[in-house]
Amino acid sequence: MITTAPTLRVEGLSKRYGERVALDALSCMLQPGSFVALLGPNGAGKSTLFQLLTGLFVPDAGQIHVAGHSMRDAATRALRHIGVVFQQMSLDLDLTVRANLRFHADLHGLPRAAAQARIVQRCQAAGLGGDLERSVRELSGGNRRKVELVRALLHEPELLLMDEPTVGLDPKSRRDLVASVRADVAARGTTVLWATHLVEEATQADRVLVLHRGRLLADGTPAEVTAALGGGTLEEAFIRATQTQQGVPA
Ligand code: ADP
């Protein structure tokens, strides 16, 4: 039985854009140290969920708690425990790697000396030790993503949100990114929510949440989700479940 407090608790979360329902009474809990894939086709509601989790939008109904802090009543405290890698690159291209990371450390109020040491150590571990004084513009797409991951983890958040982070990356960069995130889960017990529409990425997760039309269709290990959605491979089950009219397997 799991007795630890969840890193993320989402209860009855709903969000509409006019008539369109993007999230429909979504509930889920993520336990510490788990690597969870949020798998859904385009339009499933993944980005909307991330926008609510990061406080960019306010839900129409429902609750979000991060590390026990309510996004509604204590957003600043809740956000302190979140690190995010956005879908779109969000580094300043003209600043150096070090300056981008220092800016983030300042925003989080990390002490300067400790932040400097952490920046150097994390960049070296990510294979970016020689790039600290280079502008981000000079880096490859894969290395830009690595810098974004270092940035997301710099304040040592309990919850790491990755919003379709491998879009545009080559296979080796994709693999490296998954390995780096896995290493952080193992080292610090970070909880990861990794949004993707790629089944291949979800098969590597400890747990898969299948989102379709704003609702959870299945929740469990890749094997459990495959079985719940009618069997075969996860890819077959996912396609079958998300291509039916009501989003439930025939
Ligand atoms: P995903 O990230 O899984 O592709 P989104 O959260 O972007 O899904 O979208 C969920 C649904 O909400 C879709 O039907 C989409 O068309 C709609 N939607 C998303 N953003 C907006 C918006 N700003 N205005 C209107 N509809 C939106």
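The values are calculated or read from the model by the stated rules, or taken from the named source; none is laboratory data. Keep in mind that what you see is a predicted model, and the values were worked out from it rather than measured. We place every Cβ from the backbone using ideal geometry, glycine too, and count neighbours over all the protein chains shown.
Things to note:
- One residue from LEU56, LEU79 being surrounded by fewer than 17 Cβ atoms within 10 Å (Cβ to Cβ), more than 17 Å from VAL181 (Cα to Cα) and aliphatic (A, V, I, L, M): LEU56
- Residue that is farthest from the ligand (Cβ to nearest atom) [pool: residues in the stretch 169-201 that are among the hydroxyl-bearing types (Ser, Thr, Tyr) and touching a residue at least 60 places away in the same chain (Cβ under 8 Å)]: THR190
- Checking ALA126, ALA75 one by one, the residue that is free of Cβ contacts under 8 Å to residues at least 40 places away in the same chain and within 22 Å of VAL192 (Cα to Cα) is ALA75 and no other.
- Contact map, the stretch 223-237: residues that are assigned by TED's automatic domain parsing to the domain that holds VAL210 paired with residues that are charged (D, E, K, R) and surrounded by 14 or more Cβ atoms within 10 Å (Cβ to Cβ), Cβ distance under 7 Å, separation 6+ or inter-chain. Pairs shown: LEU229/ARG240; GLY230/ARG240.
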